[in-house]
1. Exactly one condition in (1) crowded, with 20+ Cβ neighbours inside 10 Å; (2) in a loop (DSSP other than H, G, I, E, B) is not met by GLY164; state its number.
2. Quick check, is SER177 in a helix (DSSP H, G or I), out of contact with any helix residue (DSSP H, G or I) (no Cβ under 6 Å at 6 or more places or on another chain) and closer than 20 Å to GLU41 by Cβ?
3. Could you grab me the full set of residues in segment 1-52 that are among the aromatic types (Phe, Trp, Tyr) and not in a loop (DSSP other than H, G, I, E, B)?
4. Determine whether GLU15 is in contact with a helix residue (DSSP H, G or I) (Cβ under 9 Å, 6 or more places away or on another chain) and within 11 Å of the ligand (Cβ to nearest atom).
5. Which one of LYS175, LYS146 is at pLDDT 95 or above, closer than 20 Å to ILE81 by Cβ and surrounded by 21 or more Cβ atoms within 10 Å (Cβ to Cβ)?
6. How many residues does segment 99-135 contain that are closer than 15 Å to GLY86 by Cβ and surrounded by fewer than 14 Cβ atoms within 10 Å (Cβ to Cβ)?
7. Among the residues of segment 64-112, which ones are farther than 18 Å from GLY135 by Cβ and in contact (Cβ under 8 Å) with a residue 40 or more places away in the chain?
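The values are calculated or read from the model by the stated rules, or taken from the named source; none is laboratory data. Not measured: the values here are computed from a predicted model. Note that we place each Cβ from the backbone using ideal geometry, even for glycine, and neighbour counts take in every protein chain shown.
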Amino acid sequence: MKILFITGNKNKVDEANDILSKLGYRVEQFLLDGQTPNFIEPQSSSIAEVSEFKIQQALELISGTTLENHALLVEDSGLFIESLNGFPGVYSSYVSETIGNQGIIDILANKSNRNAEFRAYSILYKDGKYYHGLGICSGRISFQIKGLNGFGFDPIFIPKSGDGRTFAEMNEEEKESKSHRGESLKIICEEINHPSK
Ligand code: ITT
């Protein structure tokens, strides 16, 4: 079954496809006339709320079109740094594009607490039903940028359940088995296969 992922971030699509293809789904980026639709992101401190907003806009957009019966996926994610009270959180995309990974390392230079977590809140809309999944991956911010794989904050994030390498030093499968995205999508698949109500 095909799932259309509404996101401007192609890396998210590739990762979701790697994870969900093992469960029999094919994930493709949602494009309208060859373009990613430009959604308004609400001012909200909650990734769940941002995801809700994204899915509602997407449903309005495809209402009455040939895409109406497709399964749709949205995700809002971010990096939450403990000593910065959860910043950048919902502002992760902006921070990644502006100060970047070195900027985060610089901000944390005098902080002894380097704990952080990645969070992803995904919503899948399929056959008139919504499936929600929150995935959290705990870890810490590295002292140096390391590794070439992945995207975004991967070169500065060391997951707790790993061996000290950053996500960017891991291959796709290793990241997937630990990541916030992997967890959020697995929760959704579990709910599809074994509905609780
Ligand atoms: P869409 O909103 O269009 O889906 P986006 O990239 O702007 O794409 P978000 O608003 O969810 O996505 O922002 C999440 C940001 O957090 C993203 O741009 C990355 O910088 C970072 N991020 C999220 N998941 C990540 C991951 O697995 N590895 C590294 N960085 C990640």
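1. So the condition that GLY164 fails would be (1).
2. Numbers: in a helix (DSSP H, G or I): yes; out of contact with any helix residue (DSSP H, G or I) (no Cβ under 6 Å at 6 or more places or on another chain): yes; closer than 20 Å to GLU41 by Cβ: no.
The answer is no for SER177.
3. Taking segment 1-52 as the starting set, the residues that turn out to be among the aromatic types (Phe, Trp, Tyr) are 5, 25, 30, 39.
Scanning segment 1-52 gives a single hit, PHE5.
4. Values: in contact with a helix residue (DSSP H, G or I) (Cβ under 9 Å, 6 or more places away or on another chain): yes; within 11 Å of the ligand (Cβ to nearest atom): yes.
Considered against the rule, which asks whether it is in contact with a helix residue (DSSP H, G or I) (Cβ under 9 Å, 6 or more places away or on another chain) and within 11 Å of the ligand (Cβ to nearest atom), GLU15 comes out as yes.
5. Working: LYS146 fails: surrounded by 21 or more Cβ atoms within 10 Å (Cβ to Cβ).
Sole residue among the options that is at pLDDT 95 or above, closer than 20 Å to ILE81 by Cβ and surrounded by 21 or more Cβ atoms within 10 Å (Cβ to Cβ): LYS175.
6. 2
7. Across segment 64-112, the qualifying residues are LEU67, HIS70, ALA71, LEU72, SER96, ASN101, GLN102, ILE104, ILE105.
Residue-wise test of (1) in contact with a strand residue (DSSP E or B) (Cβ under 9 Å, 6 or more places away or on another chain); (2) under 21 Å from PHE80 (Cβ atoms); (3) surrounded by fewer than 17 Cβ atoms within 10 Å (Cβ to Cβ).
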{"site": "ILE3", "(1), (2), (3)": "yes, no, no"}
{"site": "ILE6", "(1), (2), (3)": "yes, no, no"}
{"site": "ASP14", "(1), (2), (3)": "yes, no, yes"}
{"site": "ARG26", "(1), (2), (3)": "yes, no, yes"}
{"site": "GLN29", "(1), (2), (3)": "yes, no, no"}
{"site": "GLY34", "(1), (2), (3)": "no, no, yes"}
{"site": "ILE47", "(1), (2), (3)": "yes, yes, no"}
